[in-house]
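First the structure, in the form of structure tokens, and then the observations on it.
Just so it is clear, none of the values below were taken in a lab; they were calculated from the coordinates. On a predicted model such as this, the values are computed, not experimentally measured, just so you know. Cβ sites come from the backbone with ideal geometry, for glycine too, and all protein chains shown count toward neighbours.
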Amino acid sequence: MKKFLLHAGIAIFLSLVIGHWSLVRAAYTLPYPSYMPGNKLYNVSRILDILKGYWYFGNIAQIKYHIGLSDKYVVEAKTLFEYQQYLLAVDALNRSNEEFSVIPEYIRKAMLEGKDVRNLSETVRSAAVKHTEVLTTINATVPKSFLWVPEKSASIQLDIQSLILQSVAIRGRTVSELSE
């Protein structure tokens with residue numbers, strides 16, 4: 001019986017230890033789309049996103065927070081572009097750009113504090129590459145510009161292609177800043 005318990009204990013220990021080892025490294029993945037505009041919980045989700053900014057204090061936590069929001073909003077924009085909801089998609093892409101553009105400043109601050117940010121810098125580079133792939137795909141499928149005509153207010157001209165190219169440029173600029 002003791003021999004059985006010893007073997008069972010070793011088997012359980014090894015399965016727990018080996019089970020956490022990753023033999024395969026997955027490429028950077030974007031999150032599943034969250035609540036979309038029109039859902040009752042969408043505004044609650046947006047408010048929680050803002051409140052989470054106060055919870056994530058410190059430069060490293062802020063980097064992770066802004067990467068997460070940028071990912072979330074680029075996925076939201078992609079989904080809205082696919083459903084031809086261009087006005088909402090442009091808004092989501094602008095939010096993603098805002099979140100992504102503040103990341104280099106937090107990386108600089110963390111480096112000045114003497115923190116090792118090599119892994120986070122690589123994560124940001126991977127995110128930029130993935131975002132660029134998504135944005136390039138979107139750019140091939142959406143119109144260059146779109147005239148949004150609401151029923152009771154003035155029309156809005158959306159220059160979609162230039163916004164997407166600006167988004168790609170923001171990510172490229174971030175990657176080049178991290179390479180310095």
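Some notes on this structure:
- Helical mean residue ellipticity (222 nm; -39500 (n - 2.57) per DSSP H run of 4+; nearest 500) of the chain: -23500 deg cm²/dmol
- Note on residue 115 and residue 145: with the Förster distance fixed at 30 Å, the Cβ-Cβ geometry gives a FRET efficiency of about 0.10.
- Percent of Cα-Cα distances greater than 20 Å, calculated over the chain: 62 percent
- The chain: DSSP helices with Cα axial extent of at least 15 Å and average Kyte-Doolittle hydropathy no lower than 0.5: 2-19, 160-179
- For residue 64, net neighbour charge (Lys/Arg +1, Asp/Glu -1) across residues whose Cβ lies under 15 Å away: 0
- Look at 116, 49 and count the other Cβ atoms within 10 Å of each Cβ; fewest to most, that gives 116, 49.
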